[in-house]
Amino acid sequence: MASVSEVKDEPGQPPALTSLSLAEAAQEAKSKEQIVTPFDVSGGLDELGNPKAIDYDKLVDTFGSQRIDKLLLDRFEKVTGHKPHRMLRRGLVFSHRDLNLILDKYEKGIPFFLYTGRGPSSDSMHVGHTIPFEFTKYLQDVFDVPLVIMLTDDEKFYHTPRLSLKDVYKFTIQNAMDIIAVGFDMKKTFIFADTEFVDGGFAAAFNNNVRELGKRTTINQIKGTFGFNDSNNIAEFAFPAMQSATAFATSFPFIFGTDPKKVAKVPCLIPCAIDQDPYFRQCRDNAPKMGYLKPAIIHSVFLPSLRGRESKMSASDADSSIFLSDTDNQVKKKVGKAFSGGQDTAEEHRRIGGRTAVDVPFQYLTFFMEDDEELERIRIEYEEGRMQSGELKMACTKELQAYVGGFRDRRKAVTEEIRREFMRPRQLVFRGMPAEKELQDARNKRIMTLEEELGKLKNAH
Ligand code: TRP
């Protein structure tokens, strides 16, 4: 049904009935509901037409996911023996589906795997892009499980008219190296690019899962879930089956083995930003019909733009985000210009205090600063006006310079050879897969013996 604002008066005709209620029409034209899909993220507009921040509580309700509460976090800590990641502690990873079931299985020693990904839309990643990967690395370390990272270069190609397959593949390689620099364990991590992996002989099992999903997905479902219309191209309609197929262990026989009955029981946990939920809602609907487990999901919020909670980070606006390639000086300049919740003058600030809820440097500290007590001290000092914006920005700059600097060092160590190894379909080593581990140990032993023999031969010369 067309909304009031869409009904246009014909020139030279009496106004349409709907235009008569001017007040109503004006309201409707200005305020806008928030939209969160993989392709469109916006907090909507208020009655005056001003952009609003995303209401995550409302998203949990409309998506029908579960909030991550204190009880679940306590259980997480008990089961894993690890303190929850700062993003969990601070509600930045805030919602889930079936995380409790994953903890049940982990407690019983049943192995599972992690799945996350990225659409390589440019070669300059920013700190907002690495955050879900930082969190995923934490999960990999805590659970000691295999991880599959999907680079959806096909998705970006279908959805971005100006990008060629060659462009996106170039981004894919650069992004893969950046992702590796987050610090993933090579022995437990498989990274693949859709255009490369799916065409290879390794991917027959994967492709069959894509086909099974494709057969069960109607055009109506895709339109409803993603907001597509008849102008979207057919590849965009088909793509969601790709993203879903990766959530099934049977897609990767070289990692999980070839016994379909056994492998179908390996559950999957997907850490992702909440905009990816539509894909996995659909995946969860189809999984039982295919004899598979529904993947569990853990949702994070978005890192706000440097320009404020209401605006978006964009690759074309260098001042909206901190890029992983930024120098210390650039980081300092950008944080200096970031949207502040401080007052206009130092005196007023001392009197009224700063607003941490909208202050971008403070928000960034909640993502990047590990020390809870120091963060709380800063919050109080700032809100009570004893800490000025400049000082807060300095603390934020320091934290981000350390983060970007650490990344820079690790990125330098990522060679083309390392990237190829991460992206080679191969067996992974991890706890809970004893058969595979034994196999790997035996292989490693054999390699060591061979190397020893090689050494002896060399010495003999
Ligand atoms: N569609 C995602 C993007 O555009 C990439 C992606 C694929 C992904 N699989 C995922 C992200 C799983 C999170 C989890 O960035």
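The values are calculated or read from the model by the stated rules, or taken from the named source; none is laboratory data. Values in this document were obtained by computation on a predicted structure and should not be read as measured data. No Cβ is skipped: glycine too gets one built from the backbone with ideal geometry, and neighbour counts run over all protein chains shown.
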Helices (runs of 4 or more DSSP H) fully within the stretch 310-403 counting 1 or more residues that are of a type in the set (A, V, I, L, M) and in contact with a Lys or Arg (Cβ under 7 Å, 6 or more places away or on another chain):
328-337
Under 6 Å between Cβ atoms, which residue pairs at least 6 apart in sequence (or on different chains) link something in the stretch 206-225 that is closer than 11 Å to S244 by Cβ with a partner that is assigned to a loop (DSSP other than H, G, I, E, B)?
N209/F248
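Evaluate the following for E310: is it under 25 Å from R86 (Cβ atoms) and modelled with pLDDT under 95?
For E310, the condition - under 25 Å from R86 (Cβ atoms) and modelled with pLDDT under 95 - is met.
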A careful count of residues in the stretch 31-74 that are touching a Lys or Arg at 6+ places or on another chain (Cβ under 9 Å) and within 26 Å of L139 (Cβ to Cβ) gives 9
For the stretch 381-390, indicate whether the set of residues that are among the hydrophobic types (A, V, I, L, M, F, W, C) and surrounded by fewer than 18 Cβ atoms within 10 Å (Cβ to Cβ) is non-empty.
no
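Look through K289, K294, K265, K334 and report the one residue that is closer than 20 Å to V360 by Cα, away from the ligand (no atom under 13 Å from the Cβ) and in contact (Cβ under 8 Å) with a residue 24 or more places away in the chain. Can you show your working first?
Numbers: K289 fails: closer than 20 Å to V360 by Cα; K294 fails: closer than 20 Å to V360 by Cα; K265 fails: closer than 20 Å to V360 by Cα.
So the residue among K289, K294, K265, K334 that is closer than 20 Å to V360 by Cα, away from the ligand (no atom under 13 Å from the Cβ) and in contact (Cβ under 8 Å) with a residue 24 or more places away in the chain is K334.
Scanning for something of a type in the set (S, T, N, Q), more than 16 Å from the ligand (Cβ to nearest atom), more than 21 Å from R426 (Cβ to Cβ) and out of contact with any Gly (no Cβ under 9 Å at 6 or more places or on another chain), does the stretch 153-168 turn up at least one residue?
Let us first name the residues in the stretch 153-168 that are of a type in the set (S, T, N, Q), namely 160, 164.
Still in the running and more than 16 Å from the ligand (Cβ to nearest atom): 164.
Those still in the list that are more than 21 Å from R426 (Cβ to Cβ) too: 164.
If we keep only those that are out of contact with any Gly (no Cβ under 9 Å at 6 or more places or on another chain) as well, we get 164.
Yes: one or more hits.
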When both residues are 6+ apart or on different chains and their Cβ atoms are under 7 Å apart, which pairs have a first residue that lies in the stretch 57-73 and is farther than 22 Å from I102 by Cα and among the aliphatic types (A, V, I, L, M), and a second that is at pLDDT below 95 and surrounded by 14 or more Cβ atoms within 10 Å (Cβ to Cβ)?
L59/V36
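Out of all the residues in the stretch 103-114, is one or more within 14 Å of the ligand (Cβ to nearest atom) and at pLDDT 95 or above?
Taking the stretch 103-114 as the starting set, the residues that turn out to be within 14 Å of the ligand (Cβ to nearest atom) are 113-114.
From the residues that got through so far, the ones that are at pLDDT 95 or above too are 113-114.
The answer is yes; a qualifying residue exists.
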Would you check which residues across the stretch 123-146 are within 11 Å of the ligand (Cβ to nearest atom) and either of a type in the set (S, T, Y) or within 16 Å of P111 (Cβ to Cβ) (or both) and list them?
T136
For the stretch 232-247, give me each residue that is of a type outside the set (G, A, S) and within 13 Å of the ligand (Cβ to nearest atom).
E236, F239, P240, M242, Q243, T246
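Test D57 against the criterion of being under 23 Å from S305 (Cβ atoms), more than 16 Å from the ligand (Cβ to nearest atom) and either at pLDDT 95 or above or not in a loop (DSSP other than H, G, I, E, B) (or both), and give yes or no. I'd like the intermediate steps shown before the answer.
Details: under 23 Å from S305 (Cβ atoms): yes; more than 16 Å from the ligand (Cβ to nearest atom): yes; either at pLDDT 95 or above or not in a loop (DSSP other than H, G, I, E, B) (or both): yes.
In short, yes.
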Looking at this structure, is A238 among the small types (G, A, S) and crowded, with 19+ Cβ neighbours inside 10 Å?
no
Please give the number of the condition T136 fails out of (1) more than 18 Å from D185 (Cα to Cα); (2) of a type outside the set (F, W, Y); (3) within 17 Å of the chain's Cα centre (by Cα).
(1)
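Checking the conditions here, which among I180, I191 is in contact with a helix residue (DSSP H, G or I) (Cβ under 8 Å, 6 or more places away or on another chain) and within 14 Å of the ligand (Cβ to nearest atom)? Step through it out loud before you land on a result.
Details: I180 fails: within 14 Å of the ligand (Cβ to nearest atom).
Answer to the check: I191.
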Given the residues E6, E24, which is the only one that is surrounded by fewer than 16 Cβ atoms within 10 Å (Cβ to Cβ), more than 23 Å from G91 (Cα to Cα) and at pLDDT 50 or above?
E24
